[in-house]
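Student: After the structure tokens below, expect a handful of questions from me.
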Amino acid sequence: MLSIIRSQIISLIEASLKGLGPLMEKPSVIVEPPSLKEHGDLACSLCLQLAKPLRKNPFDIAILLKEEVLKRIPDSPLKGKIREVEAVRPGFLNFHLEPAAYWPLISEILTKGKDYGRTAAGKGRRVLVEFVSANPTGPLTVAHARQAAVGDVLVNILNFTGHHAEREFYVNDGGNQIRTLGLSVQLRTREHFGVSVEYPEDCYQGEYIRDIARLFAEKKGMGGLADVEAVPFEEYCSFAKNYLMDVIREDLRIFRVHFDNWSLESQVASTDKIVKTLEDLKATGFLYEKEGALWFSSTRFGDDKDRVVRKSDGLFTYLAPDIVYHKHKYERGFDLLVDILGPDHHGYIPRIKAAAQALGKDAGALEVLIIQLATIFRDGKQLRMSTRAGEFITLREVAREVGTDAGRFFMLMRQVSQQMEFDIDLAKKQAPENPVYYVQYAHARIHSIIRKAKDEGFVPADTIAHLSEESEIDLLKKLGEFSDVLELCARQLDPATLPRYMQDLAALFHKFYDRCRVIDADKILASERLALIDAVRVVLANGLGILGISAPEKM
């Protein structure tokens with residue numbers, strides 16, 4: 001609804017430009033909420049752009065344009081919706097809306113319900129979002145938890161804004177790490193039967209390897225070292241990989257993340273497919289031999305150095321199957337590919353984009369998001385982690401200690417490019433300083449008010465005609481921003497603005513309820529305020545749903 005008013009103001013300004021004299025080119029008119037509340041509800045800086053072509057002071061232009069706008073308001077759809085238009089230095093037009101301009105929003109929200117905020121901005125574009133994609137060599141950690149929350153919510157937002165987005169998990173089951181995993185389990189199985197072994201540093205550490213070894217020994221009915229040695233090495237590899245994939249799937253289920261696609265490296269980027277793709281690249285002149293290795297000329301596409309795709313010992317580097325996997329992604333007809341990766345992958349971006357160009361694909365259709373780490377604090381102290389040493393906090397541990405709701409919300413509170421601090425003690429608090437509790441409590445509080453009102457014979461009003469208190473209008477303005485916030489998140493491929501919006505909306509509701517009586521007001525005003533808070537309830541529920549967080553009716 002507010003986007004309609006914005007469009008109407010833009011049309012009004014465009015029509016009013018005719019009164020300023022001829023312009024060589026039609027200017028682009030942008031109307032946005034100002035940064036300061038006292039500057040009105042919407043503002044336009046067009047007069048600053050017109051100063052040069054009109055050869056006038058921008059403030060003088062703003063005064064003239066204001067007069068032209070005021071002339072046209074009575075005959076426009078904005079009649080009765082604009083309280084004041086002011087020209088301010090250095091050349092802005094500020095629009096102050098009447099409270100009545102916001103009233104229809106309540107009916108729109110309550111009519112659309114779960115679909116309020118949904119837009120067609122994505123125009124049906126197909127998007128593939130690949131995230132987490134952890135090696136099946138250990139349980140998911142806190143770092144994966146942040147990637148999981150960001151990727152999952154980003155897909156929700158994309159789908160809510162008119163895209164067709166899918167979630168994909170790429171299982172790295174074709175590399176040397178699976179053999180290292182198998183060796184780790186085999187050695188721990190020998191230890192299980194009392195054999196002293198030399199455990200290499202590059203093997204996987206952590207108690208979970210011993211757990212897998214014990215389970216494998218039980219499954220195979222092993223009774224001693226002879227049984228350990230009788231089992232083919234590949235069985236150690238496959239058992240450990242499959243066991244850990246089950247662990248990963250369960251971790252994700254607990255964190256409320258589901259994937260539409262599970263792509264296996266062993267299938268998508270098998271050796272024969274790697275060989276074929278590299279032959280194609282070599283035929284086009286983008287690969288060359290040097291010092292016994294096969295190199296990709298990635299510098300031809302802006303990379304800082306060429307990259308090895310096959311080492312002198314004949315083994316492929318990680319880049320080779322990644323090239324094949326991305327070729328596979330492109331061939332599936334998506335309009336946009338999004339890779340969500342950890343902070344150790346910064347150098348990966350130019351080389352994979354170079355590979356896309358070498359394959360004749362549009363590198364602009366590939367976006368790589370680097371998710372910074374989450375630092376965990378307990379009792380005011382940072383918890384140290386080392387994956388190599390097997391010392392890490394798992395996603396499941398976080399979800400169990402603070403709950404999935406708090407875990408997801410906290411992981412989403414910072415932009416993906418920023419490191420985040422996760423305070424476990426704060427996340428567990430049932431108090432207003434805990435942001436997820438604060439938002440959920442607003443939702444539950446509204447349900448409580450509506451239940452009480454119903455018991456006393458009040459019902460939400462169908463027509464709004466009296467809401468004009470500052471706290472009421474502030475709430476309405478914030479409700480009208482919901483779809484804009486979602487579209488911004490979709491454009492930026494970053495969901496962080498949504499939890500901030502939810503906190504702001506909850507704060508405005510609590511402020512409103514502290515200042516304005518609802519049930520104790522006169523009957524007409526009480527009914528209108530009930531409709532207002534019911535609209536807040538809808539938006540809170542929709543936002544929490546997109547975030548994958550529960551919206552409790554009682555707390």
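Student: Rule-of-thumb check for the range 176-240: C-alpha Rg over 2.2 N^0.38 Å?
Tutor: So the Cα radius of gyration is 0.98 times the expected 2.2 N^0.38 Å.
Student: Just check the chain against the gyration tensor rule for me: Cα atoms, a ≥ b ≥ c as the square roots of the eigenvalues, rounded for a/c under 1.5, and otherwise prolate or oblate depending on whether a/b exceeds b/c. Mind dumping the intermediate values first?
Tutor: Working: a/c = 3.08, a/b = 1.61, b/c = 1.91.
Oblate is the answer for the chain, as a/c is 1.5 or above yet b/c matches or exceeds a/b.
Student: Taking 0.36 nm per intervening residue step and subtracting the Cα-Cα distance, what contour gain separates Glu279 from Ala100 on full extension?
Tutor: 57.7 nm
Student: Let me check I've understood the local charge: for Lys276, count other residues with C-beta under 14 angstrom from its C-beta, Lys and Arg +1, Asp and Glu -1. What total comes out?
Tutor: 0
Student: Note down the net charge around Phe458, summing +1 for each Lys or Arg and -1 for each Asp or Glu among other residues with Cβ under 14 Å from its Cβ.
Tutor: -1
Student: Given H placed 1.01 Å from N in the peptide plane, which residues other than close sequence neighbours of Val309 have an amide H under 5 Å from its amide H?
Tutor: Counting only residues 5 or more places away or on other chains, the set is Leu294, Trp295, Phe296.
Student: Using amide H atoms built in the peptide plane, which far-off residues or other-chain residues are under 5 Å from Glu421 H to H?
Tutor: The list, which skips near neighbours in sequence, is Thr375.
Student: Distance from the Cα centre of the range 247-323 to that of the range 104-136, in angstrom?
Tutor: 33
Student: Continuing with the same structure: Can you compute 3J(HN,Hα) from phi for each residue in the range 30-40, using the Karplus curve 6.51 cos²θ - 1.76 cosθ + 1.60 with θ = phi - 60°, rounded to whole Hz and x for Gly and Pro?
Tutor: Using θ = phi - 60°, the values come out as 10, 10, 9, x, x, 6, 10, 4, 5, 8, x Hz.
Student: May I pose another question? Could you give the nm distance between label points at Ala15 and Arg126, where each point is 7 Å from its Cα heading toward the beta carbon?
Tutor: About 4.3 nm, to one decimal.
Student: At what distance in nm do the modelled label points of Glu291 and Arg451 sit from each other, each positioned 7 Å from its Cα along Cα→Cβ?
Tutor: Simple spin-label model gives 7.1 nm for this pair.
Student: Please turn the phi angles of the range 377-384 into ³J(HN,Hα) values with the Karplus equation 6.51 cos²θ - 1.76 cosθ + 1.60 (θ = phi - 60°), one per residue in order, whole Hz, x for glycine and proline.
Tutor: Computed from phi, the couplings for the range 377-384 are 10, 9, 6, x, 10, 6, 8, 7 Hz.
Student: Moving on. How high is the relative contact order of the range 422-507, given as a whole-number percent (alpha carbon pairs under 8 Å, six or more residues apart)?
Tutor: Computed value for the range 422-507: 27 percent relative contact order.
Student: Now for a different question. Listed highest first by mean packing, meaning other Cβ atoms within 10 Å per residue, what order do 154-166, 288-300 come in? Display every interim value, and only then the final one.
Tutor: Numbers: 154-166: 21.3, 288-300: 15.1.
Final packing ranking: 154-166, 288-300.
Student: Taking amide hydrogens as modeled 1.01 Å from N in the peptide plane, which residues meet the under 5 Å criterion relative to Glu367, leaving out close sequence neighbours?
Tutor: Amide H neighbours of Glu367: Leu337, Val338, Asp339.
Student: Mind ordering 195-205, 398-408, 305-315 by average Cβ neighbours within 10 Å, highest first?
Tutor: 398-408, 305-315, 195-205
Student: Let me ask you something else. With a ≥ b ≥ c the root eigenvalues of the C-alpha gyration tensor of the range 228-339, is it rounded (a/c under 1.5), prolate (a/b larger than b/c) or oblate?
Tutor: Verdict is oblate for the range 228-339.
Student: Now a separate question. Please list, or write none, the lysines whose alpha carbon is within less than 18 Å of the alpha carbon of Lys112, excluding same-chain residues fewer than 8 places away.
Tutor: The qualifying lysines are Lys477, Lys478.
Student: Please list, or write none, the aspartates and glutamates whose alpha carbon is within less than 17 Å of the alpha carbon of Lys305, excluding same-chain residues fewer than 8 places away.
Tutor: Glu289, Glu291
Student: Provide the packing ranking of 542-549, 113-120, 235-242, i.e. peptides ordered by the mean count of other C-beta atoms within 10 Å per residue, highest first.
Tutor: Details: 542-549: 21.4, 113-120: 13.9, 235-242: 19.1.
Packing proxy ranking, top to bottom: 542-549, 235-242, 113-120.
Student: Moving on to the next point. Only counting other Cβ atoms within 10 Å, I'd like Lys361, Lys554 sorted with the fewest neighbours first. Provide the component values of the computation, followed by the final result.
Tutor: Numbers: Lys361 18, Lys554 8.
Result, fewest neighbours first: Lys554, Lys361.
Student: In this model, which of Lys241/Lys282; Lys428/Lys554; Lys429/Lys452 are farther than 29 Å apart at the alpha-carbon? Intermediate values should be presented prior to the final figure.
Tutor: Numbers: Lys241/Lys282 34 Å; Lys428/Lys554 18 Å; Lys429/Lys452 27 Å.
Going by Cα-Cα distance, Lys241/Lys282 fall outside the 29 Å limit.
Student: A further question on this structure: Would you check the range 1-64 for Lys pairs whose C-alpha atoms are within less than 23 Å, ignoring same-chain pairs closer than 8 in sequence, and give me the count?
Tutor: For the range 1-64, the number of qualifying lysine pairs is 5.
Student: Excluding Leu395 itself, what net charge comes from residues whose Cβ is under 13 Å from its Cβ, given Lys and Arg +1 and Asp and Glu -1?
Tutor: +2
Student: In deg cm²/dmol and to the nearest 500, what is the mean residue ellipticity at 222 nm of the chain if only DSSP H runs of at least 4 residues count, each as -39500 (n - 2.57), divided by the residue total?
Tutor: Per the formula, -15500 deg cm²/dmol.
Student: Turning to a different aspect of this structure: Report ³J(HN,Hα) in whole Hz for each residue of the range 188-201, in order, from the Karplus equation J = 6.51 cos²θ - 1.76 cosθ + 1.60 where θ = phi - 60°; Gly and Pro get x.
Tutor: 5, 5, 4, 4, 4, 9, x, 8, 7, 10, 8, 9, x, 5
Student: Have a look at the DSSP beta bridges in the chain and tell me what percent are antiparallel, nearest 5.
Tutor: Values: 23 of 45 bridges.
Beta bridges within the chain, antiparallel portion: roughly 50 percent.
Student: Moving on. Classify the range 221-288: rounded, prolate or oblate, from the alpha-carbon gyration tensor (a ≥ b ≥ c, eigenvalue square roots; a/c under 1.5 rounded; otherwise prolate if a/b is larger than b/c)? List each step's numbers first, then the result.
Tutor: Details: a/c = 4.94, a/b = 1.44, b/c = 3.42.
Oblate, since a/c reaches 1.5 and b/c is not below a/b.
Since every read-out is calculated from the coordinates, none of them should be taken as a lab result. Keep in mind that this is a model prediction, so the values were computed, not measured. Using ideal geometry, Cβ is built from the backbone for each residue, glycine included, and neighbour counts are taken over all protein chains shown.
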